[in-house]
Amino acid sequence: MKKIAGLFKRENAFRSMKAEDANACEAYAKDYLSYLGIAKTERRAYDEAVRRIEAEGFRELSTFKVLKPGDKVYRGYHGKTLMAAVIGTQPVAEGINVIGGHTDAPRIDLKPVPLCEKGGLAYFDTHYYGGIKKFHWLVHPLALYGVVVKPDGSKVEIAIGDKPEDPVFQITDILPHFGAEQSAKKLSEAFDPEDMDVLIGSLPVADKEDDKDVKEKVKLNILRILEREYGLTEEDLLSAELELVPAGMPRDLGLDRSMIVGYGHDDRVCAYAGLRALMDLPTRPRRTGMVLLCDKEEIGSVGATGMDSTFFENSVAELIALQAPTLAKAKGSMNVQTPDLIVRRALEASRMLSADVCAASDPHFPNADSPNNMAKMNAGGCLIKYTGARGKSGASDARAEFIADLRRIFAKDGTVWQAGELGRCEKGGGGTIALFMARYGMDVVDFGVPLLNMHAPWETASKFDCYMTYRAYRAFLAD
Ligand code: MN
Ligand code: MN
């Protein structure tokens, strides 16, 4: 890597890569594309992450009797939230390095009682998830993913819309010829989410004697299909998690192929970078390196699988418990009689990069820009000292000492990075999982990939920024 001028100027540094880095960057982008195309829901992101780390020798925590330096371990909650770690030579009790990202993404969920018929057409009733511009989701082909669980515990996996032979689904919109009334409304009021039902069928059931009195014949036909092809009844849909996401695969963007357009970069682009960084760690790092991939960030990190739960502290406690026997032997007693205090100290002594995307400056929307303090495309991963809105409200504002240490780590690695904030003062704002981790007293700051059109069905990232974010995570975990 040549010397980069651009930490402050956020200059385009894509061309500063030497040939070997450029090759590594392209290979990285290719593998990320393959991950992103599979990880279209938080459950699929979890399964794909487990598949990849198991191939690298990671094992489920419950299979260990004791943890030794170099051990590769993972633990999950409900097939959605994942912790993976490489055990360091220093005890977990003395603090760990964490990369924490999320794998849920804005989408359109099905309601608990979704199936309905209106005007001779069959629909699924929906309730959107996360911060979306509703009109983005109209008209485009949608795929349906998720699970239906039956009272006997059996699970039916649904994945319809991404194989070439699959049908897709659509939320329809009014044609421009009759759109005057809609166009006159404020954008925030023009689209009623209760009208965002997704079209799933138009054929009535084939006429049979026993269906004669049924009014909703198109819905009945869909029910017959669900029963025949998936073994499901209408009641089974009560215990389901079904998500509509954009149909189609992520791909290169631009004639120069320098960017990637895909669904769910936020935050699978950072989740993947964290996973790769962990898998590429030295065999026996000094401090334990951990990657946390959590769910429900897009709705405030609430719930059992969100970072507001006890998952992280419980996971750290489990690691410490499995190190206690060796520690007791090595250090005499190691206070194994006060494990809760050891866990608290470990959390305080830990440090984390909150691995989440940020907004990249878009020349078409200068009013949202903070010209000297907003991420630029191709200027590397972006460190966001604080998020929040209106006077940093709701922010976890990282301390200068921690950022100074990150400067040392990143400079040593030669990774290209930039610093900024989410956008112009008082124009908006946002949050990540940073504040949920900061409450343990640990150092935490946001660092991730800048995106164009974040939270749109198709988001855009630069390959260079994706690769440099991975490099930054790797350097941080190995420190
Ligand atoms: Mn995010
Ligand atoms: Mn988000």
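Beta-bridge orientation, the chain: approximately 70 percent antiparallel, per DSSP, counting only bridges with both partners inside.
Of the residues Leu232, Met290, Leu244, the one whose Cα sits farthest towards the positive end of the charge dipole of region 210-335 is Met290 (charges of +1 on Lys and Arg Cβ, -1 on Asp and Glu Cβ, taken about the Cα centre). The 3J(HN,Hα) values that the Karplus relation (6.51, -1.76, 1.60; θ = phi - 60°) gives for region 376-392 are, in residue order, 10, 5, 6, 10, x, x, 10, 8, 10, 4, 8, 10, x, 8, 6, x, 6 Hz. Gly and Pro appear as x. Compute the separation of the alpha-carbon centres of region 385-446 and region 346-376 and state it in Å as a whole number. For region 385-446 versus region 346-376, the Cα centre distance is 8 Å. Counting other C-beta atoms within 10 Å, and keeping those with at most 10, which DSSP coil GluC sites (Glu not before Pro) do you find in region 415-479? Qualifying residues, ordered by number: Glu426. Helix 19-38 axis versus longest C-alpha principal axis of the chain: approximately 40°, rounded to the nearest ten.
Each Cα pair of region 60-168 feeds into the Kirkwood radius, which the Stokes-Einstein equation turns, at 4 °C and 1.567 mPa s, into a diffusion coefficient of 70 µm²/s.
Just for region 340-479, what percent of DSSP beta bridges are antiparallel, to the closest 5? Here the antiparallel bridges make up roughly 40 percent for region 340-479.
Per DSSP H run of n ≥ 4, the term is -39500 (n - 2.57); total these for the chain, divide by its residue number, and report the mean residue ellipticity at 222 nm rounded to 500 deg cm²/dmol.
Values: 11 runs with 138 residues, N = 479.
Value at 222 nm, helices only: -9000 deg cm²/dmol.
Sorted into 20 angstrom bins from 0, the C-alpha pair distances of the chain split as 23, 52, 23, 3, 0 percent.
Wrap a convex hull around the Cα atoms of region 396-458, take a quarter of its surface area, and give that in square nanometres. Could you put the intermediate results ahead of the total?
Numbers: hull surface 23.2 nm².
Across all orientations, region 396-458 yields a mean hull projection of 5.8 nm².
Sparse packing (at most 12 other Cβ atoms within 10 Å of the Cβ) combined with a DSSP loop state is found for none of the GluC sites (Glu not before Pro) in region 1-92.
With θ taken as phi - 60° and the Karplus curve 6.51 cos²θ - 1.76 cosθ + 1.60 applied, the whole-hertz 3J(HN,Hα) list for region 310-321 is 8, 3, 5, 5, 4, 5, 5, 4, 4, 5, 5, 4 Hz, x standing for glycine and proline.
If I take every Cα pair under 8 Å that is 6 or more residues apart in the chain, average their sequence separation and divide by the length, what percent do I get for the relative contact order? Write down the numbers at each step before the final one.
Working: 1040 pairs, mean separation 111.2, N = 479.
Reported as a whole number, the value is 23 percent.
Computed from Cα atoms alone, the Kirkwood hydrodynamic radius reported for region 344-456 is 14.5 Å. Against the chain, whose longest principal axis is taken from its Cα atoms, helix 42-55 shows a tilt of about 50°.
Against the compact-protein benchmark of 2.2 N^0.38 Å, the Cα-based radius of gyration of region 424-472 scales to 1.41.
Each value in this text was obtained by applying a stated rule to the coordinates, not by laboratory testing. Since this is a predicted model, take the numbers as computed values, not measurements. Methodologically, a virtual Cβ is constructed for each residue, glycine included, from the backbone with ideal geometry; neighbour enumeration extends over all protein chains shown.
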